[in-house]
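Written out below as structure tokens is the structure these notes cover.
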Amino acid sequence: MSFRSHTRVLIFMTGLAVTAPAIAEDAKVTAQAAADRWDQSFNAGDMDTLSKLYGPDAEVVTKGAPLADGPGIQTYFSNLKSKGFADHKVTVQSAKAKGDLLIASGRWEASGPGDGGARKVFSGNWVNVLERQGDGWRTVLHTWN
């Protein structure tokens, strides 16, 4: 193989090394933007907008039974908001694109009512699976602990 051929292979291999992290970073940026829209909608009490961030066949897996429809999801989060939960924030730590799916995980945090009426910070792990639908990404699976 000539020097020129070796150079082409090296340039091609270097391009592959740069492309994979760039794709991963794009997925993470996309996932964080979706999480930010969710946080903004919840914190503003805009449950109509929040419910539109979910696909028509979305499932939210809670401590109880999974919620599998738009009205159930909207009611669930409206009830949380009415109980005093606020300041919700998701930090995406990992995101992977797989075709029309985006699998994201990270941490969530929110303040809510604690013992004796004091505010308490709650936090845990968070997972979302989003699907490219029409004009954007919609959550099709949402769970946390």
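What follows draws every value from the coordinates through simple rules; no lab data is involved. What you see is a predicted model, and the numbers here were worked out from it, not measured in a lab. Note that each Cβ is placed from the backbone with ideal geometry, even for glycine, and that neighbours are counted across all protein chains shown.
Some points to look at:
- Candidate lysines - alpha carbon under 22 Å from K120, same-chain residues fewer than 8 apart omitted: K63, K81, K83, K89
- All other residues whose Cβ lies under 13 angstrom from that of S78 are scored, Lys and Arg at +1 and Asp and Glu at -1, for a net of 0.
- Prolate/oblate/rounded label for the stretch 42-110 (Cα gyration tensor, a/c 1.5): oblate
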